[in-house]
Amino acid sequence: MADDSRTAAPGAGLPAFPAGRVRGPVLLPGDEQYSEEVSGFQAGYRHRPDVVVCATEAADVRAAVEYAATHRLPLAVQATGHGLTVPLPGGVLVSTRRMTEVRVDAAARTAWIGAGVRWGQVVEEAGRFGLAPLSGSGPGVGAVSYSLHGGIGLLAREFGYAADHVGAAELVTSDGRLRHVTADSDPELFRSLRGGGGNFGVVTGLEIGLFPVERLYGGQLLFDGESAEDVLEAWREWTATVPESLTSSVTVMTYPDIPVLPGHLRGRRVAQVQIAYNGDEADGERLVAPLRAAGPRIAGTLRTMPFTESWSVYNEPDQPHSYQGANALLGEALPDRATLRSVLERTGPDAPSMTVLSLRHMGGALARQPAVPNAVGGRDAGYLLVVLSVLDGSSSAELRRLQERVLDAVGPWTVGSNLNFRYGRSAGAVPGGAAAAFSPEDRVRLAALKASADPSNLFRFHHVTLDQERREERHEP
């Protein structure tokens, strides 16, 4: 156990963190590792805690929670920082990135994952047994937070949300207890954790379901951005014909003119169709054939691949950068062509910063409640629209206004929002805030559970259902 014998207060008027209580480092502002520890994938926002507890096990988390509760300090958690919205000013930050245990039970088709595990680890370990998790689009995404907030995976239309397949959770509650929570032990807390965002304690591990998927047919079709409107229209018609075993999206963006990009993308506006199909290549080719004529194609990367290479479907950047974004769950039908044209124009080359517009096909298993219901909302959505902007010299407020205009344009088709795709201060651009991600019934249930499980509002996680979101934006307790 680390022997941290410092007695200096972590902040003005705050007592020192008790020496020897945790195995991992305890960092204060000014310490050599502090800046690195509070930095994450989201480079535009950063927590500014008085104390960072670098947890290596559940006992470290318990010590951090007890310290924060005793001294009435707010507490936040960071693993990878992908979804960081409002930074925590002061208080206690629990860094879970050292909690990287992955245990696969091949016979039960489950895995136990620690709080700091990233999807790349789970995919590799499960792949050894011919299994796959409902992972996200990039290997660096934190698996636990992703699952708690819903989780729309590559094969989501066939298998549903990642939250639908969480079988158990281990968490430290505001009283400092370590609890193992299942549908039988605590049905209300279990329901709320799965899709509700985990704002009721610090989750230290999850049991998740795995699926017998070793290979998939997928990749991208890349079209010239001048034909983006036609591509969206063709994709709209095509999505009405595909089976649940095929999940797809369209992304429209203007690539920066930088040397690291291939020549056919540098400085060019591109419409990309991303495809993941759980089936053989011949059937995949047949299903995709109608899309190939949607417009002038730049390139195509469709192929049969091991699931361990599934990251190539989206091929997202793996380096930290600054961004903010918002989203809208849309109804069974996409907005009309004129509305989509206006959205394309607002997010095009004339936008104040590089902006990515994405539409994902929902429905299928995403529309069905699992056998054990959870808090994931918006199951009647047919599509998800995401707008994301790079913080590259433009003000956060300016980009938020851009994203608000996009969401206003699709307002008549909007049925809610999704917790996984809320980034930076634009998260508040969604009408109704985080509460828009839940049904009216679940809003009441989540608020009641938060009030009873964490009456002092100790946990300051940022996908929440109370008026906490507005308080945090004003940095109020």
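The values are calculated or read from the model by the stated rules, or taken from the named source; none is laboratory data. Every value quoted in this text rests on a predicted model; they were computed, and no experiment measured them. In this analysis, Cβ positions are derived from the backbone assuming ideal geometry, glycine residues included, and neighbour counts consider all displayed protein chains. SASA here: full protein model, heavy atoms, side chains in, ligands and nucleic acids out. Shrake-Rupley method; radii C 1.70, N 1.55, O 1.52, S 1.80 Å.
Of everything in the stretch 293-312, what is within 30 Å of the chain's Cα centre (by Cα) and either assigned to a helix (DSSP H, G or I) or hydroxyl-bearing (S, T, Y) (or both)? Give them in sequence order.
Once the filter is applied, which keeps residues that are within 30 Å of the chain's Cα centre (by Cα) and either assigned to a helix (DSSP H, G or I) or hydroxyl-bearing (S, T, Y) (or both), the stretch 293-312 yields T301, T304, F307, T308, E309, S310, W311, S312.
Exactly one condition in (1) outside any loop (DSSP other than H, G, I, E, B); (2) open to solvent by 20 Å² or more (accessible area, probe 1.4 Å); (3) of a type outside the set (S, T, N, Q); (4) touching a Lys or Arg at 6+ places or on another chain (Cβ under 6 Å) is false for G140; which is it?
With (1) outside any loop (DSSP other than H, G, I, E, B); (2) open to solvent by 20 Å² or more (accessible area, probe 1.4 Å); (3) of a type outside the set (S, T, N, Q); (4) touching a Lys or Arg at 6+ places or on another chain (Cβ under 6 Å) applied to G140, the lone miss is (1).
If I filter the stretch 21-38 down to residues being open to solvent by less than 40 Å² (accessible area, probe 1.4 Å) and either without any contact (Cβ under 8 Å) to a residue 40 or more places away in the chain or assigned to a loop (DSSP other than H, G, I, E, B) (or both), which single residue comes out as nearest to H82 (Cα to Cα)?
It comes out as Y34.
Tell me, which strands (runs of 3 or more DSSP E) wholly within the stretch 43-107 include 3 or more residues that are surrounded by fewer than 21 Cβ atoms within 10 Å (Cβ to Cβ)? So that I can check it myself, show each step before the final result.
Numbers: elements: 51-54, 75-78, 92-95, 102-105.
Of the strands (runs of 3 or more DSSP E) lying wholly inside the stretch 43-107, those with at least 3 residues that are surrounded by fewer than 21 Cβ atoms within 10 Å (Cβ to Cβ) span 102-105.
So, of the residues in the stretch 424-436 that are buried (at least 24 other Cβ atoms within 10 Å of the Cβ) and in contact with a strand residue (DSSP E or B) (Cβ under 6 Å, 6 or more places away or on another chain), which turns out to be modelled with the lowest pLDDT?
My answer is S426.
Looking only at the stretch 109-147, which residues are of a type in the set (G, A, S) and closer than 17 Å to L84 by Cα?
A115, G116, G136, G138, G140, G142, A143, S145, S147, listed by residue number.
Restricting the stretch 47-90 to residues that are at pLDDT 90 or above and within 17 Å of the chain's Cα centre (by Cα), which is farthest from S137 (Cα to Cα)?
Applying the filter and picking the extreme gives A76.
Taking S249 as the residue in question, decide whether it is of a type in the set (G, A, S) and open to solvent by less than 10 Å² (accessible area, probe 1.4 Å). Can you show your working first?
Working: of a type in the set (G, A, S): yes; open to solvent by less than 10 Å² (accessible area, probe 1.4 Å): yes.
Considered against the rule, which asks whether it is of a type in the set (G, A, S) and open to solvent by less than 10 Å² (accessible area, probe 1.4 Å), S249 comes out as yes.
Among what's in the stretch 341-394 and is among the basic types (K, R) and in contact (Cβ under 8 Å) with a residue 40 or more places away in the chain, pick the residue that is least open to solvent (accessible area, probe 1.4 Å). Explain how you work it out, then say what you get.
Looking only at the stretch 341-394, we keep the residues that are among the basic types (K, R), and these are 341, 346, 360, 368, 379.
Still in the running and in contact (Cβ under 8 Å) with a residue 40 or more places away in the chain: 341, 346, 360, 368.
Working: R341: 96, R346: 92, R360: 24, R368: 114 Å².
By that ranking, first place goes to R360.
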